[in-house]
Amino acid sequence: MAIPKQVSEHEAHGEVERVLHEMRQTLRVTGLDVTVRTWAGFERFLVAMWEAMGPNTETRAFESAADEVRVQAVEAAEGLGQLGAWEAAVLGESQRYHVRGALELYHYLNPKMLVFTSAVKLALQDEPVGVPQPLGSAERIERGAPARMMAMEVGEERPGDARLRGLLEDIEETVGPPALPGEFRGLALWPGYLEAAWERLKPRMKTEEWARACDALLETSRRLARRLPYEVALSKERLEVLREDAELIQRVTVQCEWRLPVLVLGMATLVGDVGDLERRLPFPAEARLVPDFVVGEELR
């Protein structure tokens, strides 16, 4: 089976560029993850998927669902004990500032992507997702990334340095397909920290406690996805109508949903290791106070 091509925001054009921009604004982040970049390789699917999911993602209910997943991950990470990577890594003051910002960004984004991906995956399996009700019925939140959120930066997926390249290959093999997660590419900008973190995180990922925590996160995500405020009009039949590779899209979506709890718990562990970062609500969202007819135009 073919390996899906990723499309970054910088490479996107036309409708894909529009959707990726809207997703970044609505999800309130400075960049998008591997799941979205992989979906972007299927243009017709991406557009249809966003039309189905977009109204949910700007609601307070979706934000709260992601918050619930994050809190659960934080509590699970606390139960597993301190990692010790933050103290072990040799970093300057500026480096620590930027690493903290990267950790905060993904700690906020990953729970959102888990709920989002669970919703898409369930819908593509023809399971009911969301509640049938008129658009605009649910409370909305402000769009756009918070001012203090760090810009999303990533290093090379296959860096020239052999030691770093081997480290990233080990991470990709351990975490699983479809590709090296963006947070680890981002943390590769500080190889000393990434090495210290992975050296301690990898053994923890192989424990039964870790597996149980990830299973619980997945169960919570699916439960919350089913309760989203708006019905998600997406299905396997819709993929066939779009003349997309339904089997490949479903496989990628299943892979992404399966590994996202690992990434959510991993980031909660790294954030907790820092000590003074906000673990539960890193970027609280304000209510969006705009007329319904304006929102209706924006959602078209």
State the percent of C-alpha pairs, over all pairs in region 1-156, separated by a distance greater than 24 angstrom.
42 percent
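Report the extension gain between A287 and H13 in nm, rounded to one decimal, defined as 0.36 nm multiplied by the number of residues separating them, less their alpha carbon distance.
Gain on stretching A287 to H13: 95.5 nm.
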By how many degrees, between 0 and 90 and to the nearest 10, does the Cα long axis of helix 43-57 differ from the longest principal axis of the chain?
90 degrees
Distance between Cα centroids, region 39-91 to region 104-134: provide it in whole Å.
10 Å
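Just list whichever of K5/K236; K202/K236; K112/K236 have alpha carbons separated by over 26 Å in the model shown. Please report the intermediate quantities before stating the final value.
Numbers: K5/K236 21 Å; K202/K236 36 Å; K112/K236 23 Å.
Exceeds cut-off: K202/K236.
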Find the accessible area per residue for region 1-104; the probe is 1.4 Å, ligands and nucleic acids are left out, and the unit is Å².
42 Å²
³J(HN,Hα) computed for each position of region 164-169 - Karplus, 6.51 cos²θ - 1.76 cosθ + 1.60, integer Hz, glycine/proline x:
5, 4, x, 4, 5, 5
Report, to the nearest whole %, how much of the accessible area of the chain belongs to carbon and sulfur atoms, 1.4 Å probe, protein only.
50 percent
Between the helical axis of 14-27 and the dominant principal axis of the chain, each derived from Cα atoms, what acute angle in degrees is found, rounded to the nearest 10?
70 degrees
Burial-style ranking of 215-221, 116-122, average other-beta-carbon count within 10 Å with highest first, yields 116-122, 215-221
Rounded to the nearest 500 deg cm²/dmol, what is the calculated helix-only ellipticity per residue at 222 nm for the chain, with -39500 (n - 2.57) per DSSP H run of length n ≥ 4?
-20500 deg cm²/dmol
Nearest 10 degrees, 0 to 90: what angle lies between the long axis of helix 208-226 and the longest principal axis of the chain (Cα atoms)?
20 degrees
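In the P(r) worked out for region 175-243, what percent of Cα pairs fall beyond 21 Å? If you can, show how the numbers build up before the last one.
Details: 1319 of 2346 pairs.
Result for the distance tail: 56 percent.
The values are calculated or read from the model by the stated rules, or taken from the named source; none is laboratory data. Since the model is a prediction, treat every value here as computed from it, not as a measurement. Because the Cβ atoms are built from the backbone with ideal geometry, glycine has one as well, and the counts that use them run over all protein chains shown. Each accessible area value is taken on the protein alone, full model and side chains, heavy atoms only, with ligands, DNA and RNA left out. Shrake-Rupley method; radii C 1.70, N 1.55, O 1.52, S 1.80 Å.
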